[in-house]
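The values are calculated or read from the model by the stated rules, or taken from the named source; none is laboratory data. From a predicted model like this one, the values you see are computed outputs, not experimental measurements. For neighbour counting, all protein chains shown are included, and Cβ atoms are generated from backbone atoms with ideal geometry for every residue, glycine included.
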Amino acid sequence: MFDFDELVPRNTPEDIKYEKLEGINDLIPMWVADMDFRCPEEVSNALAEQSRRGIFGYSEADKTYDDAVVNWFKKRYNWDVDPKTCLKLPSVILALSLSIRALTKPDDSILIMEPLYGAISRTVKMTGRRLVVSELELKGSRYEIVFDDMEKKIRENNVRMFVLCNPHNPAGRVWSRDELTRMGDICLRNNVLIVSDEIHADFIFSGHEHIPIASLSNEINKITVTCTSPTKTFNLAGIQAANIFVADDSMRRKIDLLSVATGAFGLNVMGIVATRAAYTYGEEWVNELITYLEGNATLVRSRLEGTKLKMIDIEGTYLIWIDASKVTDEDPTAFFLKNAHVRFSEGLFFGKSGEHFFRMNIACPRSMLNEALDRILEVPGVR
Ligand SMILES: Cc1ncc(COP(=O)(O)O)c(C=O)c1O
């Protein structure tokens with residue numbers, strides 16, 4: 001049994017989530033996507049051991065690292081990955097940026113589905129590519145893909161790359177085999193490459209299954225860059241490590257060459273040590289964590305029921321997307337920061353359709369979640 005109820009102090013000056021805001025002494029931060037839980041003990045022990053040795057020289061992931069990674073994907077998703085196809089990079093967003101620049105041309109169009117984690121659209125735009133958005137459709141409290149619109153936008157804009165997010169942040173969807181197959185087929189039919197951001201893949205709630213899109217078929221595998229990372233799963237975001245699988249040799253070589261040209265490649269020694277320990281020893285911890293997060297999601301659902309805040313269904317991730325349009329015309333994040341001293345992620349960061357929404361990070365001890373809910377439910381207009 002792991003103690004996810006423990007309130008772990010996070011008051012170091014470099015901690016982004018707990019950044020002090022002027023005039024607020026009792027802030028509850030539920031915004032940036034890291035967790036308030038300690039990582040598995042085996043991971044901190046491995047890091048401590050490395051640290052005690054006092055050697056932090058140039059390092060490279062070896063076979064023990066590859067074995068830990070390969071076993072994780074096999075065990076969790078029955079996905080066979082070949083370590084030779086894996087590029088080790090400091091972050092998923094770097095991998096996205098390199099993939100865009102290596103595999104598309106300036107002015108090419110790239111499709112995403114919004115609402116979507118804003119660093120993705122920002123990266124597309126900052127690499128000088130044209131951003132094409134197919135909006136997800138909210139049906140009741142569940143987001144769905146509009147396949148006709150996806151294909152129409154791809155054809156009309158001569159789209160060359162599709163950035164998929166699975167599970168989807170912030171829509172909370174774990175895309176089904178059928179949905180993934182349809183997206184994959186559209187990309188194959190229209191010569192569109194896929195970058196699949198699967199950083200949240202380990203947070204899958206009961207009744208759902210994570211399917212790496214590259215695992216669907218050989219054809220889809222050959223057009224896909226799959227971005228994975230242990231940093232969300234094990235709360236290691238500050239360590240920065242990602243494993244990027246690219247089955248096609250030519251695509252992989254292009255991304256690899258650009259990463260070398262950029263000077264941003266490989267993992268730092270702590271990233272190697274932490275990833276290997278996490279994927280080797282972390283499974284039981286993750287399983288219990290998911291149960292705890294599901295409990296938190298259930299709590300939010302029951303406490304928001306009958307209020308004017310509308311919670312969108314969550315099938316995976318620890319990020320809940322909430323519609324506040326019946327509560328305030330203001331930006332809901334500013335509204336709740338001012339009135340409840342709870343900090344959420346701004347809806348507009350996820351695209352225009354996020355204007356009246358906010359994103360709540362529920363990866364925190366339940367007592368903290370309850371305190372935040374107490375506060376927001378007391379804000380006039382919410383009930
Ligand atoms: C969907 C998604 N992709 C990527 C990232 C960032 O990953 P990295 O820190 O490896 O760039 C996040 C972080 O919240 C995310 O939610």
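Descriptive notes on the structure:
- Pairs linking a residue in the range 71-91 that is among the aromatic types (Phe, Trp, Tyr) to a residue that is more than 16 Å from the ligand (Cβ to nearest atom) and at pLDDT below 95, with Cβ atoms under 6 Å and 6 or more positions apart or on different chains, do not occur.
- So Ala68, is it at pLDDT 95 or above and more than 16 Å from the ligand (Cβ to nearest atom): yes
- In this entry, Arg301 passes the filter for residues that are surrounded by fewer than 18 Cβ atoms within 10 Å (Cβ to Cβ), more than 18 Å from the chain's Cα centre (by Cα) and part of a helix (DSSP H, G or I).
- For the residues Val286, Val327, Val273, the requirement of being touching an Asp or Glu at 6+ places or on another chain (Cβ under 7 Å) and at pLDDT 95 or above singles out Val286.
- Selection of the range 167-200 for residues being over 16 Å from Ser121 (Cβ atoms), acidic (Asp, Glu) and within 16 Å of the ligand (Cβ to nearest atom) yields only Glu198.
- Candidates Glu60, Glu6, Glu22, Glu42: the one that is out of contact with any strand residue (DSSP E or B) (no Cβ under 8 Å at 6 or more places or on another chain), more than 16 Å from the ligand (Cβ to nearest atom) and in a helix (DSSP H, G or I) is Glu42.
- Condition check for Pro83: of a type outside the set (A, V, I, L, M), touching a Gly at 6+ places or on another chain (Cβ under 8 Å) and assigned by TED's automatic domain parsing to the domain that holds Glu151: no
- Extreme residue, surrounded by the fewest Cβ atoms within 10 Å (Cβ to Cβ), among residues of the range 222-257 that are within 11 Å of the ligand (Cβ to nearest atom) and in a strand (DSSP E or B): Ala242
- Residue pairs meeting the criteria (Cβ under 6 Å; at least 6 apart or on separate chains; first outside the structural domain of Val70 (by TED's automatic domain parsing), in the range 207-232; second away from the ligand (no atom under 16 Å from the Cβ)): none
- For the range 187-197, the criterion of being surrounded by fewer than 20 Cβ atoms within 10 Å (Cβ to Cβ) and acidic (Asp, Glu) is met by none of the residues.
- Yes/no for Glu346 being within 16 Å of the ligand (Cβ to nearest atom), under 17 Å from the mean Cα position of the chain (by Cα) and surrounded by fewer than 20 Cβ atoms within 10 Å (Cβ to Cβ): yes
- Hits in the range 312-365 - residues which are in contact with a Pro (Cβ under 6 Å, 6 or more places away or on another chain), hydrophobic (A, V, I, L, M, F, W, C) and assigned to a strand (DSSP E or B): Leu319, Trp321, Phe358
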